[in-house]
Amino acid sequence: MAAKAKYIATTRQISVTVSPTYLDDQSVPEQSHFVWAYHVVIENRGPETVQLRSRHSHITNARGEVREVRGAGVVGEQPRLEPGDVFEYTSGVPLTTPSGVMSGSYQMETQHGEGFDIEIPAFSLDSPHQPVRLN
């Protein structure tokens, strides 16, 4: 089995790693329904305690159509990360095309009330139902 793709971004010593997986059992290609799960690991490598308050994602399908998603926390939680803490979650995204890309940011807050954004790395959503083109 091939190694899973991992996409990593670090902002203010907070690392975000995303690993997407195509879900063949939930996808119906003949109805233009393609589904991915993505596993996220957020690691606080910095010296200060932070809390994830909200998220903002851009989901772009293979036709270039963009959908924005905003919301409080992730998977119903607003995790607090002390130095060295790690928070993991898995979510999913459907598309009407066999490939796409997701990116975005988390809105964080320090224990002193300072708000800042951290990058969610852009990650590729690829299914076996797309033509492979070599550049």
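Restricting to the range 115-135, what's the tally of residues that are within 17 Å of the chain's Cα centre (by Cα) and either in a strand (DSSP E or B) or at pLDDT 95 or above (or both)?
Qualifying residue count, the range 115-135: 10.
Of the conditions (1) surrounded by 15 or more Cβ atoms within 10 Å (Cβ to Cβ); (2) closer than 18 Å to Lys4 by Cβ; (3) among the polar types (S, T, N, Q), Ser105 fails just one. Which one is it?
Unmet condition: (2).
Return the pairs, sorted by first residue and then second, in which the second residue is among the aromatic types (Phe, Trp, Tyr) and modelled with pLDDT of 95 or more, the first residue lies in the range 30-56 and is within 21 Å of Glu82 (Cα to Cα), the beta carbons are less than 7 Å apart, and the residues are 6+ apart or on different chains.
Val40/Tyr89; Ile42/Phe87; Leu52/Tyr106; Arg55/Tyr106
For the range 1-55, give me each residue that is closer than 20 Å to Leu125 by Cα and of a type in the set (Lys, Arg).
Lys4, Lys6, Arg55
Select from the range 12-50 the residues that are closer than 24 Å to Gly113 by Cβ and buried (at least 17 other Cβ atoms within 10 Å of the Cβ) and list them in ascending order.
At the first step, the residues of the range 12-50 found to be closer than 24 Å to Gly113 by Cβ are 12-16, 42-50.
Answer for the range 12-50, where residues must be closer than 24 Å to Gly113 by Cβ and buried (at least 17 other Cβ atoms within 10 Å of the Cβ): Ile14, Ser15, Val16, Ile42, Glu43, Asn44, Gly46, Val50.
Scan the range 72-86 residue by residue and report those that are at negative phi and over 13 Å from the mean Cα position of the chain (by Cα).
Ala72, Glu77, Gln78, Pro79, Arg80, Leu81, Glu82, Pro83, Asp85, Val86
The values are calculated or read from the model by the stated rules, or taken from the named source; none is laboratory data. Computed from a prediction, not measured in an experiment: that's the story for all the values here. Neighbour counts run over all protein chains shown; Cβ positions are idealised from the backbone, glycine included.
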